Amino acid sequence: MLGVSGQTAALVFLVLVTPVALYVCWTDLKFMKIRNGTGLLLLLIFAVAGLAVLPPEVWAWRWLHCIMILAVGFVLHLVAGVGAGDVKFAAAAAPFVAAEHAPLIPPLFAAFLLGAFTMHRIARAIPAIRRLTPDWVSWTRRDFPMGLAIAGTVVCYLVFAAFPNAYGIFLPSRM
């Protein structure tokens, strides 16, 4: 471990996770699919960067976040029809969240889910946007590309964790 602060760890994660999150947004909009490779890439990023910036015991315990979200997501997949790609991506993103920050995630996700759903439905109703992206599957499907909300949640959380004082959000100091 490099002995970095929680804010620095969050900043490292933010820089590494954001491109993956943007890719997930694009693929979920265009194809209504979240590729397995993106989840694996997130897990690889956490495995390598997490071990470099987190204490080993914190890094090791964070893998349980992945397992817990995968288990809950599996049930939601079976009971509520949540997409398997959404479940796997959320599980792969889970280790980036500090356990003491977990209560922030449900309201943050709810905000992103409502915002992403509203913006997606507005955007698909605008002919000019549809002409720019005519082959996006999400415009014609009844279901919603939830990868937008999951990606937004993890990136926003990492921004809050990296720069907590800038947003007036109290986060416990340990990342």
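The values are calculated or read from the model by the stated rules, or taken from the named source; none is laboratory data. Being a predicted model, the structure only gives us computed values, none of them experimental. Cβ coordinates were reconstructed from backbone atoms using ideal geometry, including for glycine residues, and neighbour counts include every protein chain displayed.
So is ALA151 touching a Gly at 6+ places or on another chain (Cβ under 8 Å) and either assigned to a helix (DSSP H, G or I) or modelled with pLDDT under 95 (or both) or not? Answer is no for this residue. For the stretch 119-155, taking the residues that are among the small types (Gly, Ala, Ser) and touching a residue at least 12 places away in the same chain (Cβ under 8 Å), the one that is farthest from TYR23 (Cα to Cα) is identified as SER138. Residues of the stretch 34-73 that are surrounded by fewer than 16 Cβ atoms within 10 Å (Cβ to Cβ), touching a residue at least 24 places away in the same chain (Cβ under 8 Å) and more than 20 Å from ALA98 (Cα to Cα): ASN36 alone.
Across the stretch 8-32, the qualifying residues are those that are surrounded by fewer than 17 Cβ atoms within 10 Å (Cβ to Cβ) and either among the aromatic types (Phe, Trp, Tyr) or in contact with a helix residue (DSSP H, G or I) (Cβ under 6 Å, 6 or more places away or on another chain) (or both), and the one among them that is nearest to LEU148 (Cα to Cα) is TRP26.
Out of THR8, THR38, THR18, one residue alone is part of a helix (DSSP H, G or I), within 19 Å of PHE112 (Cα to Cα) and out of contact with any Gly (no Cβ under 7 Å at 6 or more places or on another chain). It is THR18.
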